[in-house]
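Just so you know, all these numbers are worked out from the coordinates, no wet-lab data involved. These figures come from a predicted structure and were not determined experimentally. For neighbour counting, all protein chains shown are included, and Cβ atoms are generated from backbone atoms with ideal geometry for every residue, glycine included.
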Amino acid sequence: MPIASSLLDKPKLVKKLRDFYTYVNKNNGKVGVKTRGIDLNFNNACNLRCKYCFTNSPKGDHVKEYLDYKAIKDLADQADELGYFEFDLQGGELLLQPDKLFKVLEAIKPERFYLYLTTNGYYLDDKMAKKLAEYKVSRVSVSIDSMDEKIHDEIRGRKDSWRRAMEGLKLVQKYGMDPYLNITVGHYNIHTDHLKKLLDYSKQQKYKTLINVAVPAGMWQKMDQIICNDEDREYLKKLRRDYKNLVRNIWNPFDKTNEKILGCTTVNRLYITPIGDVLVCPYVHIKIGNIFNQRLKDIVKHGFSIKYFKNHSDLCLAGEDKDFINKFMTKEGQTIFNPADSKEIFSKDDYI
């Protein structure tokens with residue numbers, strides 16, 4: 001039944017992955033300034049009303065703007081030239097407008113990338129999963145908030161969202177794409193049986209479990225209740241060793257001991273909004289350029305001229321580094337559509 005292409009069917013991607021592997025090994029297992037991925041939000045409209053949406057889609061924030069296909073093609077071509085090997089399409093909800101999604105895929109040319117979608121899974125039926133595989137999508141990530149259907153549906157703001165998401169992940173696996181179950185982990189849930197049930201289910205189904213650490217966007221006064229502390233991080237390390245199917249962008253993917261840290265991937269993975277703004281990551285709402293005004297190469301160069309993004313960090317700047325959060329991420333009203341401007345927020349001493 002699987003119809004998705006394997007990595008061997010994407011020779012250009014294989015070369016990029018080898019280059020990344022070689023770079024990381026020569027750089028003592030650290031990501032350094034190696035370009036890695038593009039997280040693209042080409043439209044912010046969504047069918048759910050999630051309580052903790054970092055893009056403010058439930059509030060209707062920029063749901064009518066679309067990054068045009070020509071701009072997306074140009075962005076993908078530049079990313080390919082710079083050696084980016086991952087392309088993550090995000091939203092909003094991508095599957096809400098499938099005709100537009102498939103035009104975006106054609107513009108990107110998935111054969112050049114490990115291309116994946118992050119979706120809430122509501123519209124991920126058999127027909128959709130099969131077509132995504134035919135378009136050479138490598139992976140589909142679906143966020144699950146709880147093994148309790150009622151809790152998940154309450155958080156997502158729509159009945160039946162849990163059942164559809166769970167069935168969608170099975171269809172991803174059926175058609176040969178990589179199924180990733182996304183979980184958000186913070187101080188409030190890391191030691192709970194609630195989290196363990198999610199981890200156990202994902203492993204039993206032979207999925208990968210993508211760990212996103214909770215980011216206190218808009219809730220800075222509750223930061224200590226939300227982000228992981230030192231004890232939580234030690235426990236997360238234990239979970240990583242015990243389960244062996246857990247993935248984080250900050251972890252070294254080539255480390256068979258499941259212990260080494262690749263480093264915070266700000267700028268290594270860029271976040272592009274529907275209006276072309278380039279943020280250093282989806283959760284660090286700091287703008288370093290706009291694709292309509294600058295070449296991607298120059299935007300990356302500027303990003304890595306800022307010491308916090310060039311220097312190695314074992315901590316996620318957005319979800320674990322309290323000093324960085326307090327200094328640069330608590331600006332009132334700071335969102336992906338109202339990011340802090342790097343040229344205004346950083347002083348001369350913050351540049352390398």
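Once each part is reduced to its C-alpha centroid, what is the distance from segment 150-225 to segment 249-271 in angstrom?
Answer, in whole Å: 20.
Over the Cα atoms of segment 260-352, each weighted equally, I'd like the Debye log10 I(q)/I(0) at q = 0.18, 0.24, 0.25 Å⁻¹, rounded to two decimals.
Values, matching the q order: -0.77, -1.40, -1.50.
When Rg is the radius of gyration of the Cα atoms in segment 200-272 and Rh is its Kirkwood radius, what does Rg/Rh come to?
Values: Rg = 13.9 Å, Rh = 13.9 Å.
Computed over Cα atoms, the ratio is 1.00.
What base-10 log of the normalised intensity I(q)/I(0) is obtained for the chain from the Debye formula, alpha carbons as equal point scatterers, at q = 0.12, 0.13 Å⁻¹?
-0.87, -1.05
Over segment 219-308, what number does the Rg to Rh ratio reach, with both radii from the alpha-carbon atoms and Rh per Kirkwood? Walk me through the numbers before you get to the answer.
On the way: Rg = 16.3 Å, Rh = 15.4 Å.
Using Cα coordinates only, the ratio equals 1.06.
Given the peptides 121-133, 20-32, arrange them by the average over their residues of other C-beta atoms within 10 Å, most packed first.
Details: 121-133: 19.8, 20-32: 15.5.
Sorting 121-133, 20-32 by mean packing, highest first, produces 121-133, 20-32.
About its Cα centre, how strong a charge dipole does the chain have in debye, to the nearest 20, once Lys and Arg get +1 and Asp and Glu get -1 at the Cβ? Walk me through the numbers on the way to the answer.
Values: 59 positive and 48 negative charges, 186 e Å.
That gives a dipole near 900 debye.
Per DSSP helix of 4 or more residues, -39500 (n - 2.57); summed, then divided by the residues of the chain. What does that give at 222 nm, rounded to the nearest 500?
On the way: 13 runs with 124 residues, N = 352.
Theoretical 222 nm ellipticity from helices: -10000 deg cm²/dmol.
Given segment 282-321, report the % of alpha carbon pairs whose separation exceeds 15 Å. Present the calculation step by step, with values, prior to reporting the outcome.
Working: 380 of 780 pairs.
That tail contains 49 percent of the Cα-Cα pairs.
Could you work out the percent of alpha carbon pairs in segment 228-267 separated by over 17 Å, rounded to a whole number? Present the calculation step by step, with values, prior to reporting the outcome.
Numbers: 210 of 780 pairs.
Looking at segment 228-267, the distances longer than 17 Å represent 27 percent of pairs.
Determine, at each q value in 0.11 (inverse angstroms), the log₁₀ of I(q)/I(0) that the Debye formula gives when each Cα of segment 111-185 is one equal point scatterer.
-0.26
May I ask you to evaluate 6.51 cos²θ - 1.76 cosθ + 1.60, the Karplus curve with θ = phi - 60°, for each residue of segment 274-285 and list the ³J(HN,Hα) values in order in whole Hz, giving x for glycine and proline?
3J(HN,Hα) across segment 274-285, in whole Hz: x, 9, x, 5, 10, 9, 6, 5, x, 10, 9, 7.
Which links in K222/K331; K103/K343; K127/K206; K26/K287; K237/K322 stretch past 24 Å when you go from one Cα to the other?
Values: K222/K331 15 Å; K103/K343 34 Å; K127/K206 22 Å; K26/K287 30 Å; K237/K322 19 Å.
Cα-Cα > 24 Å for K103/K343; K26/K287; rest within.
If the viscosity is 0.692 mPa s and the temperature 37 °C, what translational diffusion coefficient in µm²/s does Stokes-Einstein give for segment 189-348 when Rh comes from Kirkwood over Cα pairs?
On the way: Rh = 17.0 Å.
Diffusion coefficient, whole number: 193 µm²/s.
With the Cα gyration tensor of segment 69-167 in hand, give its eigenvalues times 5 under a square root as the equivalent ellipsoid semi-axes, listed largest first in whole angstrom. Spell out each step's value before the answer.
On the way: eigenvalues 159, 34, 27 Å².
With the √(5λ) rule applied to segment 69-167, the semi-axes are 28, 13, 12 Å.
Only Cα pairs within less than 10 Å get springs; with that Gaussian network setup on the chain, which residue of R112, R269, R248 has the largest fluctuation?
Maximum among the listed residues: R248.
Provide the packing ranking of 252-260, 71-79, 284-292, i.e. peptides ordered by the mean count of other C-beta atoms within 10 Å per residue, highest first. Numbers along the way, then the final one.
Details: 252-260: 13.0, 71-79: 19.1, 284-292: 22.1.
Highest-to-lowest ranking by the protection proxy: 284-292, 71-79, 252-260.
Below 13 Å, Cα to Cα, which aspartates and glutamates can K238 reach? Residues fewer than 8 away in the same chain don't count.
Partners found: D230, E259.
For segment 119-271, what are Rg and Dmax over the alpha carbons, in angstrom?
Taking only Cα atoms of segment 119-271, I get Rg and Dmax of 16.0, 46 Å.
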